[in-house]
Every structure is written in structure tokens, then in C-alpha cells.
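The values are calculated or read from the model by the stated rules, or taken from the named source; none is laboratory data. Because the structure is predicted, anything quoted here is derived from the model rather than measured. Here the Cβ is made from the backbone with ideal geometry for all residues, glycine too, and neighbour counts use every protein chain on show.
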Amino acid sequence: MNSPLPASPARSDPLARIRRDVQGMHAYAVQDAAGLVKLDAMENPHTLPPQLARALGERLAQVAINRYPGPRVEDLKTALARYAGLPEGWALMLGNGSDELIGLLAMACDVPGAAILAPAPSFVMYAMSAQLQGLAFHGVPLTDRFELDEAAMLDAIEQHKPALLYLAYPNNPSANLWDAGAMARLIAAQTAQGGLAVVDEAYQPFAAHSWIERVRQEPAGADSVLIMRTLSKYGLAGVRIGYLMGQAELIAQIDKVRPPYNVSALNAECALFALEHADEYARQAAQVKAERARLLAALAQMPGVTAYPSQANMILARVPDAARAFAGMKARGVLVKNVSAMHPMLANCLRLTVGANGENVQMLTALQACL
Ligand SMILES: *Cc1c(COP(=O)(O)O)cnc(C)c1O
């Protein structure tokens, strides 16, 4: 027999079950780029030549999407290990983009009192992963030229003894590579206090150096080092493949936190195809680097604009009035990222993604017109 409904059922508030700090957060903002030249998210402007795109379509049609991702994911790990030149004794794990790996690292290191440390400004997900996992986050300001403040970083490592030290190499949004000596000393200090150092090489395809060279030269000092990469800036932002490399025992522990089947069979097949055509992607990266040089030269000629050195597929530029420049460029059909509000040091800064030649010409014209 049905029990009668209560006369006045208690009103439930589903939102009351959602964490207060989450309710207070802003969602990760993705700008609407419809109809605009999209130079806001460090995407590779180049697509596959038609013949390769057709071949990829045929490959993807063969994927057993009725099955959970299988051995092709292991094939992808092998291919990435070869591509990256995985150091002896190291292993590699995959993430659904490196954003997922950043979250998994916070989860894996979540013990009472654990902290994450990074220079500031840097990639927003380091602080966000700490917040979501309930870890402390400490951001140590860069110098006014966006270099590491080595003394302040060493003090912060000593004081907070962070579980994770993030060094984006090159950094986002400043686009520079850190001084290698300073970086080595920070990693040594982080290792000495028992923490892990994560070198985030999202922009490796466009950078002159990778920390993996160091690891190969001095493997003994690299037991606490993790190198994180992604295929997003390489040219597969839509495919969501990140990878984390480190000493095999360490990776085996972190990999336990990963949800099973986190990388889709389609994504894995697509990434394998791209790595088989690494020469095409290398050509694209070379074009981006050539365009970056042209953009830096043009920006240096613009009165009132300070463009900072770049080892990535983006350029950080300070302008007299970033809000005005951003709105003016958008009105002229070009979408960039106004990073002014991200950190006080970024006041009046725009982050310009390096696009294809025509896009960059349009971007420069638009910027010039609204300075
Ligand atoms: C873009 C970026 C990432 C995230 O890349 P996904 O693999 O697309 O999640 C990680 N780190 C830095 C520094 C980035 O700029």
C-alpha cells in the first residue's frame, strides 16, 4: 500500500549539497570565437592536408568503438616514449589532456597539510587543482621581467615544503624558458625537502630546450622530477592527450589514481596517426616559429607595445590599454586573450597566439588600429 504523501513536503535545495567554495568559483571561461580569427588559446592554426585527413578518417572508421579502449592505448604510450626519448628507467602515463594529469597529481599527493607551489603568474590549473583537492597553493611572484625570483622561490620551498613544485617550461602566459641554473637549483631544493618537481612542457614543440635533456645527462638528480607534456599545442587540442613521464616506480603509483579508460580509443588512434606523421607536425611547428619571429619583430616596431621574448606559440605583450585594445581587435574580427585580470603583474597585457601568416597580418593590423 502506498504511504500517503506528507501534507507539506520539506523543500529540498539541491544546490545546498554543492561545496560552498565551488559555488563561489568562476567556471573556466571559454570565449565565443564564432566568426573571429581565433588567436586566444594557443591552438595550432594548421590542419591536415586533405590526403592525410582522408587517411585519418579511414583509420578512425576501423576503431572498435563498441569496446573499451584496449591495446592501442599501450601502443600510444610506446609511440610517445619513442617520440619524447623517454629516459632509461622512466615510464609514461596518459591523461585526458594534461589538465587531467594536473588534477591526478593533486589527488595523489593529498595528505593533510600538503601544498602546491608555483611561480606566479603561471598556468591557472595548478592553483585550481589545489583548491579543488583542498590543498594549499602558494604562488611566488616572478620578477618584473617574468623571470624566476630564485631567492623567493627557495625561501618558499623551505617554508612550505610543497608536495608539488610546478615549473612550466616555457611558462604560460609569459612564454619564456626559465634560466636553467636557477631551475636546477630549485629542483635540487625541492628534491632535498622530499617534494616532487613537475616540469610542464606543454609548449615543447616550439621551445629551444626540453628539461628531458638534463634528465638524460644527470639521471641521478632526477628521481623526483616529472616531465609533463601534451599534444594540445602540437596540433591536437581537440584530441585531449597529455602525458606524464618520470621514474617508473613513481609513475606506477600516480597511475593508480587515474580513472580506467581515461583516454578514448578514438583519441588514442588519432594521436598514433599524428605521431606516424610527425614530419608534417614538425613542418607546422617550424612555420609557427617563423611566424613568431616575424610577429616579435613587428611588435617591437609598435610604439607603446612591449612584447616579451617567446619560446612558445604565443606572445605576451603589454599595451597602453588592454581592455580597449582587446575590444577594438574583437570589433575588427580578431580574438585574443586579455590576461590583465589574471595577476597584478599582467596589468594591460594581452596574450597573442601565433597563427598562420594571414591571421597574424590581420591581428597586427587590428592591434595597430586600436592602440
Ligand atoms: C595548455 C596548457 C596545458 C593544458 O593542456 P591540455 O593538455 O590541453 O589539458 C598545461 N600546461 C600549460 C602550461 C598549458 O599552457
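In the set Q284, Q253, Q362, only one residue is out of contact with any strand residue (DSSP E or B) (no Cβ under 6 Å at 6 or more places or on another chain) and either surrounded by 18 or more Cβ atoms within 10 Å (Cβ to Cβ) or not assigned by TED's automatic domain parsing to the domain that holds L101 (or both); that residue is Q284.
Evaluate the following for D144: is it in contact (Cβ under 8 Å) with a residue 40 or more places away in the chain, within 13 Å of the ligand (Cβ to nearest atom) and acidic (D, E)? Before you say what the answer is, go through the steps one by one.
Values: in contact (Cβ under 8 Å) with a residue 40 or more places away in the chain: yes; within 13 Å of the ligand (Cβ to nearest atom): no; acidic (D, E): yes.
Considered against the rule, which asks whether it is in contact (Cβ under 8 Å) with a residue 40 or more places away in the chain, within 13 Å of the ligand (Cβ to nearest atom) and acidic (D, E), D144 comes out as no.
The residues of region 142-183 that are surrounded by fewer than 15 Cβ atoms within 10 Å (Cβ to Cβ) and under 27 Å from M107 (Cα atoms), listed by number, are A152, D155, E158, Q159.
Can you confirm whether region 97-116 contains a residue that is surrounded by 21 or more Cβ atoms within 10 Å (Cβ to Cβ), free of Cβ contacts under 8 Å to residues at least 60 places away in the same chain, in the same structural domain as P259 (by TED's automatic domain parsing) and not in a helix (DSSP H, G or I)? The answer is yes, given that some residue of region 97-116 is surrounded by 21 or more Cβ atoms within 10 Å (Cβ to Cβ), free of Cβ contacts under 8 Å to residues at least 60 places away in the same chain, in the same structural domain as P259 (by TED's automatic domain parsing) and not in a helix (DSSP H, G or I). Would you be able to say whether some residue in region 162-184 is of a type in the set (D, E, K, R) and in contact with a Ser or Thr (Cβ under 6 Å, 6 or more places away or on another chain)? Within region 162-184, not a single residue is of a type in the set (D, E, K, R) and in contact with a Ser or Thr (Cβ under 6 Å, 6 or more places away or on another chain).
Residue selection: A248 satisfies the criterion of being out of contact with any helix residue (DSSP H, G or I) (no Cβ under 8 Å at 6 or more places or on another chain), more than 16 Å from the ligand (Cβ to nearest atom) and in contact (Cβ under 8 Å) with a residue 40 or more places away in the chain. In region 258-269, the qualifying residues are those that are within 20 Å of the chain's Cα centre (by Cα) and not in a loop (DSSP other than H, G, I, E, B), and the one that is farthest from the ligand (Cβ to nearest atom) is A268.
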